[in-house]
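Below is one structure, written out as structure tokens; comments come after it.
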């Protein structure tokens, strides 16, 4: 802030550096101006450090002399405005200025005040009961109080009963902010009260919140009727505040132009004793909604118009906004009555009811908002609100008008046009779907002239490129000819929301003419003009898998919809009243039908001929693909199943959508993968023979060797003698052998002597699996040979064990140094095989992302003589460890990480593993030196070192896993669940708590009660160091139960805590005068045993040794609570009721394991074991075992019986 202030006044000073001779400039003037700003400017936070900055500038001589006072004033104005970015700050030189303070309004006589108000207010009630109120001056709170009911009776009441209001502030140039709450309250409800503004005044340094008023002298206008506020560039001050507040309360629509951008309050203050004055804004407004203000920037209108046109615009807005609720109700009613998706109606109506239409200012806005809200609930492009084009738009009828036979006789072209094309292909064109009546009456002619001639054709082209629709009811009749006569095929269903019925349509069995059958090919031609029933026919031929659609995307006209006008608007809503449902249960939501083969309409016939020719080859290609699968796929049973499934899909017509080799390859791939669950199966088309079929590998020339090595490998030795090898492809074994000597020299010799190796396969998409055994061999010893995996070749019906090689070029890396392999989601094929082998054999740690799941070996086979090829996994790989086939889902890393971060993660793991031997050794020493039972501690330490030496810790990748492993081993070796590793830093005891804080803590920590027969009850869930608060506990806890005749101590939820208070607490239950040995506690670090004795002096009175004490326990009672139970039971001072306790320990101590951030929690002391095993680890058995939740009732019952027996 200081730097900003220096910058502010440095700018003033720079501007002031105008040297004029024979004139003097008084630095005091600037200092006085700064003082005024500091005391009065309403943004004081912008002025911190200002005086010091000016003083520094004066001392440095930066302020020069300016002789002309008005010039100086202008310079200072420019400087302060530019620096503080506030145009209201002005400096003037006015030696003769006499401040004039106008009289306060409330001081004027009543008649003069009323005359002033009458001159600044204009009101009338316009047509359609629209109120008009113009106020040119907003009176303040004190003036309103003086006037009493007069303003309300003469102004507000006269417009209160209008149905909408135009509030004109275009000419309001004066007023008081204190009058703003009244006006805003008039246009609001009495509850809830609204925070509308916050005013900060600098001179008194006070902040005042403005709220709506709970009570007005008369009736309010309320918040529900329409309110339009008119503003102009002349609107300023309090009027701006009113407009800004009403706008952001979403109470009014603001119409006009941006307002002046005035101020809450400005004052013109004299600078010292000079003739200079500075005008300063001394108060500011902060709107609670926006956090900003109307000052300086002005109020932006919601609707921008010339202020002269404001009233006319306001009237039109009121008319529009009055229609909104009616329009929404009408829309909701139409949707409720007619919308075809009945299950979506409640959500749509509920959403519309909650929608805020406040921003809507035109019918266009309303249509856009309604469409947006409806589609956000359920996307249905058929449901649409739009502007109706003229009164003639009465809505779409459900069906086209039936056409009579006589009307067809008058057409220049027949109803159907039929032609037999070359290749025995039928061609049928019709441009309108006739009604069922027409089809019935013309059935004999249609049979004779259409279905008889096409019966023996091999394929049929149905041309709908010029078909604009017609009767949907004709669809079942025409479609019936496309299926076998004996079939009863479900074609589609229609749900009619008006009648609330669903009708299923099937093929008809009573057609007269011969059916075309379900086996021969049908090709439907479409264009952009294909509409309504024509679209539905094309859609059904696709969904029924009965035909292939060729041509352009259809028109997408919305059939089965009705357009209803929305009263009192020019809008209409188009509602689908029927749902067209295909055999898969999918509703067609309109939109164009996308052809299987998209071509220009004029090219559709030619393209259909090409597809017909292509379709003749598909059965043979599908059969050949199935045969290749059965011959080569690694899982024979799956191959046979997949082959049958594909043949079945072909027979069912699911390949009719296939129109070329590319789409056939895509369909076959999808079917093979879906049926087999194996994403490695792949069909592709290739114009030239794939490289994978060219089995002869080119041996590189000596000149090419260096290039290949540079392309395939990247080598680096990282800090800490860590090798890094990146390989982006697995080359064939023959190539590797050819480049082997150079590869060993340039790559391997740089890495073989590193201490560990990172192999980066993140960018390796695979290659040749023949290289995998060679690469693996380098990471195992020469003898014995290591079984890597087994390959089962389905084609050859044999299994081959893949072993490491007995000899390799160069030196081996060996089997003991750590290997880290980095993977990503694109690591595939042979790279996966290498990573999986190294993981299976526990020779490497895999870090990164799951790999792609490729095959170790896939064969590529040509399908017939086509350009289609099948990539088939032809070898199954069996794990050398489990004997099971490798999964097709890819290699799961040991450590999951983003591929981009895998190297960084690997380096962190390496760093951790370097520390692990020392950390385990340190942990063993800590246990040996500190564990409460020395012999067990020595045993655990020795065994822990042996476990580490066996290599069990070698592959631990994270501190979390190290903690888990340490904890598991410590528990297994010691049998003590309290001896464990943790990364939790030991909590520090709270310090410097005040007595008041302790009192609050005690109130929530202890619970007391006195039951029937004066039985005391005391529950607390944690032991602590209570010595320094003993007086507080005695006063607020102990004194409530000490005088009872028996006491139940509830420790069922007590988790332990500090044992420092055990001796004191036990002492309350023994008599004064004789110290009793409570326990002998052995401390391992000091190798000493101390006696735990009752205390001779206590705070408060003793309970004594004569009255009954019952202690309640559960399986969670632990630690210090168990020590108390142990003592009270062993000394026979209490009856224990409940469950066997947890079997914890004396409070363990945390020990840091080196600098690792890992801690060992070690029990360092134990209770007396002279008379048998202590409670540590085993728990304390109760005298009366009952479930924990029954312990209290049991104790009360025992004591009540005891006391009733005494009576």
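The values are calculated or read from the model by the stated rules, or taken from the named source; none is laboratory data. Since this is a predicted model, take the numbers as computed values, not measurements. Heads up, the Cβs are rebuilt from the backbone with ideal geometry, glycines too, and the neighbour counts pull from every protein chain shown.
For the reader, a short list of remarks on this structure follows.
- One residue from 751, 761, 785 being touching a strand residue (DSSP E or B) at 6+ places or on another chain (Cβ under 7 Å) and free of Cβ contacts under 8 Å to residues at least 24 places away in the same chain: 785
- Residue match in the stretch 845-867 (condition: over 43 Å from the mean Cα position of the chain (by Cα), crowded, with 22+ Cβ neighbours inside 10 Å and either farther than 14 Å from residue 627 by Cα or in contact (Cβ under 8 Å) with a residue 60 or more places away in the chain (or both)): yes
- Those strands (runs of 3 or more DSSP E) of the stretch 1099-1176 in which 2 or more residues are outside the structural domain of residue 1037 (by TED's automatic domain parsing), surrounded by fewer than 22 Cβ atoms within 10 Å (Cβ to Cβ) and modelled with pLDDT under 95 occupy 1149-1152, 1159-1162.
- Restricting 183, 196 to residues that are touching a residue at least 60 places away in the same chain (Cβ under 8 Å), within 45 Å of the chain's Cα centre (by Cα) and under 25 Å from residue 232 (Cα atoms) narrows the list to 196.
- Annotation note: of 158, 146, the sole residue that is in contact (Cβ under 8 Å) with a residue 24 or more places away in the chain and over 21 Å from residue 251 (Cβ atoms) is 146.
- One residue from 366, 348 being more than 27 Å from residue 261 (Cα to Cα), assigned to a helix (DSSP H, G or I), in contact (Cβ under 8 Å) with a residue 60 or more places away in the chain and not assigned by TED's automatic domain parsing to the domain that holds residue 254: 366
- Residue within the stretch 900-909 that is modelled with pLDDT of 90 or more, in a strand (DSSP E or B) and not assigned by TED's automatic domain parsing to the domain that holds residue 637 present: no
- There is no residue in the stretch 504-526 that is under 41 Å from the mean Cα position of the chain (by Cα), farther than 24 Å from residue 438 by Cβ and assigned by TED's automatic domain parsing to the domain that holds residue 600.
- Residue list for the stretch 517-535, filter: in contact with a helix residue (DSSP H, G or I) (Cβ under 7 Å, 6 or more places away or on another chain), crowded, with 23+ Cβ neighbours inside 10 Å and within 24 Å of residue 606 (Cα to Cα): 523, 524, 525, 526, 530
- In the stretch 424-445, the residue that is surrounded by the fewest Cβ atoms within 10 Å (Cβ to Cβ) out of those that are touching a helix residue (DSSP H, G or I) at 6+ places or on another chain (Cβ under 7 Å) and touching a residue at least 40 places away in the same chain (Cβ under 8 Å) is 436.
Listed here are the residues, each with its yes/no results for (1) touching a strand residue (DSSP E or B) at 6+ places or on another chain (Cβ under 9 Å); (2) outside the structural domain of residue 522 (by TED's automatic domain parsing); (3) within 27 Å of residue 582 (Cα to Cα).
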| residue | (1), (2), (3) |
| --- | --- |
| 424 | yes, no, no |
| 429 | yes, no, yes |
| 436 | no, no, yes |
| 441 | no, no, no |
| 448 | no, no, no |
| 460 | yes, no, yes |
| 465 | yes, no, yes |
| 469 | yes, no, yes |
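- Selected residue [touching a strand residue (DSSP E or B) at 6+ places or on another chain (Cβ under 8 Å), at negative phi, surrounded by fewer than 18 Cβ atoms within 10 Å (Cβ to Cβ) and modelled with pLDDT under 90] from 999, 988, 971, 955: 955
- Put simply, of 910, 916 the only residue that is farther than 17 Å from residue 983 by Cα and crowded, with 17+ Cβ neighbours inside 10 Å is 910.
- For the stretch 896-947, the tally of residues that are over 30 Å from residue 1177 (Cβ atoms) and out of contact with any helix residue (DSSP H, G or I) (no Cβ under 6 Å at 6 or more places or on another chain) stands at 19.
- Residue within the stretch 867-879 that is modelled with pLDDT under 90 and in a loop (DSSP other than H, G, I, E, B) present: yes
Okay, residues lined up against (1) modelled with pLDDT of 95 or more; (2) over 30 Å from residue 29 (Cα atoms); (3) touching a strand residue (DSSP E or B) at 6+ places or on another chain (Cβ under 9 Å); (4) part of a loop (DSSP other than H, G, I, E, B):
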{"position": "215", "(1), (2), (3), (4)": "no, yes, no, yes"}
{"position": "219", "(1), (2), (3), (4)": "no, yes, no, yes"}
{"position": "223", "(1), (2), (3), (4)": "no, yes, no, yes"}
{"position": "243", "(1), (2), (3), (4)": "yes, yes, yes, no"}
{"position": "246", "(1), (2), (3), (4)": "yes, yes, yes, no"}
{"position": "250", "(1), (2), (3), (4)": "no, yes, no, yes"}
{"position": "255", "(1), (2), (3), (4)": "yes, yes, yes, no"}
{"position": "268", "(1), (2), (3), (4)": "no, no, yes, no"}
{"position": "273", "(1), (2), (3), (4)": "no, no, no, yes"}
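- Restricted to the stretch 594-712, the set of helices (runs of 4 or more DSSP H) holding at least 1 residues that are at pLDDT 85 or above and out of contact with any strand residue (DSSP E or B) (no Cβ under 6 Å at 6 or more places or on another chain) comprises 604-615, 618-632, 636-651, 661-676.
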